[in-house]
Amino acid sequence: MAENGRRMGQQPERAPGQAADEQGHGNLRLSTETTEMVDLRHADMASWKKEKKAVRLAVKKYVAAGGQKPLGDKGITRLEYAALAEEVNQGGRYARVPCTPPHCVFRCAIQDECKRHPLMDEWQPPKPRECGEHQIWPISFGIPASEVVDCVPYKGSDFATVVPYREKSYVFGPADEAEYKRDYRKARFGITREKAGWDCMRHYEILAAGSVPIFLDIDKAPSGVMPFLPKKLLSHIRHQPAFSLEGCDMKHPLGKCNFWLDEALFDQKDYDSAACSLLEHTKARLTTRALAEYALRAAGIDRGQWEKATFRALYLGGTAHNSDYLRDLMFHGFRDLLGDKVFEYNTPRYMYEWPSDTPSNSALQNPNKHWGMGFSVARRLGYMPDRHLKEAQECAAKIMAKEFDLIIYGNAWRGLPLWWAVTKAGYTKDQVLALNGEDWHGWKQVESQHKQEGILDRSTYFLREMPDGCPDLN
């Protein structure tokens, strides 16, 4: 279709011989003899000192506009200063991103107000599954708010590098998280699909980067899974006539799957509306903090209660040293929402920032032992020694003394530590949150745990991979 102005994925014009930086700008080039970035507009300056002074002015403008201040004179290289100055002077709207300098700012693709996509109105907040006298709440992964970009980034490619089940596309290692996120930011679309479960961290990383998911099998997803994703809009995107698939119908291997965009059929206005609507939805509904709020409200706990200075919650991690997305993400969300009101027992040490004096374990030492190498989850919290209950006896005593207003089981299926103390102390189902973040197992886990522990009678229960229908609880 005909378009007015430059297409989002198109590079800006530049003079012959000029190279473009990550955002497609033409005023910067890398020197062939050094690792320094040379700004062509300052090439006539006699010395680095004069150029550095000019760049400092740009940095001041950046800070004054609400940007993040650089690290200081001793830690800032010419490369970082010049790249930052170029970004500031380029004009337009820019946003910060979790980064390694000089990739700390990017150009926003949509400068005007976001036009909400009409299919966003089809999404409704999730409700519990009513199964007789019991309720089971749907839940999903989310992503820390710190990982969500402020605006839809300027695009430089149609598809991101990583394609699920295509092993050759898994090119990012444990030290490449920033580049992994940048790859999604610059891409119009990220390919994703069902794997061991319908819910997947990749969905939220694509959305948080300001890209748009192409969810290959979204139409087959049960209504109870991924409850916060606007499935009607994602289905609409998946079936756009500009998007073509070849050999992508198999259950798992995508090695022979080919996909491409027909530019003649690509609807830029619809894409812009979908991209910015999905990003705004991610900020509002898909952060770990938003999920923590959702869980509290499901249990009948309102803001007035959790904002009281005396409110206390205990987060019980279960199997602490094995990577578990939902347990870890919800722990992050409750810490983000409640701060030092959250006490913890048997939670994973790899959640904490470096350096940390917390106990070590194999997952902490080897990022390859995390799901997704810990991207978007690990090393994002500050350690609070006075909120870490290390001994079971101490923790049980506090539970029995009813020192907590809320008990949270991060993964109830993998373990209910101190369940005897919780039940003996008389905590009601509104005071206990039980999260089940396992992959697809139908209703087997819920049926088993309810028959053994009466879990649905004694907790507000959340299930990530919820089938249709109801469990057999007889």
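Where the accessible area of the stretch 134-179 is counted over protein heavy atoms with a 1.4 Å probe, how much of it, in %, is carbon and sulfur? Please list the in-between numbers first.
Values: 910 of 1750 Å².
With neighbouring chains kept in place, the figure for the stretch 134-179 is 52 percent.
Can you work out the accessible area per residue across the stretch 376-474, with the rest of the protein chains kept in place, probe 1.4 Å, in square angstrom? Numbers along the way, then the final one.
Values: 4260 Å² over 99 residues.
Here the residues of the stretch 376-474 average 43 Å² of exposed surface.
Past 23 Å, Cα to Cα, is the threshold; run K341/K429; K402/K429; K220/K283 against it and keep the listed order.
Numbers: K341/K429 20 Å; K402/K429 14 Å; K220/K283 26 Å.
Long pairs (Cα-Cα over 23 Å): K220/K283.
Please give me, ordered by residue number, the GluC sites (Glu not before Pro) of the stretch 277-348 that lie in loop per DSSP and have at most 11 other Cβ atoms within 10 Å. Each step should come with its number before you reach the end.
Details: sites: E280, E293, E307, E344; in loops: E307.
Listed in order of number, the matching sites are E307.
Rounded to a whole number, what % of the accessible area of the stretch 256-331 do carbon and sulfur atoms account for, probe 1.4 Å? Can you show the working numbers first?
Details: 1460 of 2930 Å².
Whole-percent figure for carbon plus sulfur exposure: 50.
Under the rule of at least 5 residues apart or a separate chain, name every residue whose amide H is placed under 5 Å from the amide H of R166.
L254
For L381, what residues show an amide H to amide H distance below 5 Å, using hydrogens built from the backbone and excluding near sequence neighbours?
The answer is Y352, E353.
Leaving ligands, DNA and RNA out of it, report the carbon-plus-sulfur percent of the accessible area of the stretch 373-474 at a 1.4 Å probe.
Values: 1980 of 4300 Å².
It is 46 percent, rounded to a whole number.
Give the accessible area for K232 in Å² (nearest 10); use a 1.4 Å probe, count only protein heavy atoms, and leave out ligands, DNA and RNA.
Surface open to solvent at K232 totals about 120 Å².
Suppose all protein chains stay in the model; what accessible area per residue would a 1.4 Å probe give for the stretch 139-228, in Å²?
Numbers: 2550 Å² over 90 residues.
I get 28 Å² per residue for the stretch 139-228.
For a protection proxy built on the mean count of beta-carbon atoms within 10 angstrom, sort 444-455, 326-337 highest first, please. Show your work: numbers first, answer last.
On the way: 444-455: 16.5, 326-337: 24.7.
Put in order of decreasing packing, that is 326-337, 444-455.
When you count, for each residue, the other Cβ atoms within 10 Å and take the mean per peptide, how do 153-159, 388-394 rank with the highest first?
On the way: 153-159: 19.9, 388-394: 12.7.
Peptide ranking by packing, descending: 153-159, 388-394.
The values are calculated or read from the model by the stated rules, or taken from the named source; none is laboratory data. Keep in mind it's a predicted model, so treat the numbers as computed, not measured. Positions of Cβ are backbone-derived with ideal geometry, glycine not excepted, and every protein chain shown enters the neighbour counts. Surface areas here come from the heavy atoms of the whole protein model, side chains and all, with no ligands, DNA or RNA. Shrake-Rupley method; radii C 1.70, N 1.55, O 1.52, S 1.80 Å.
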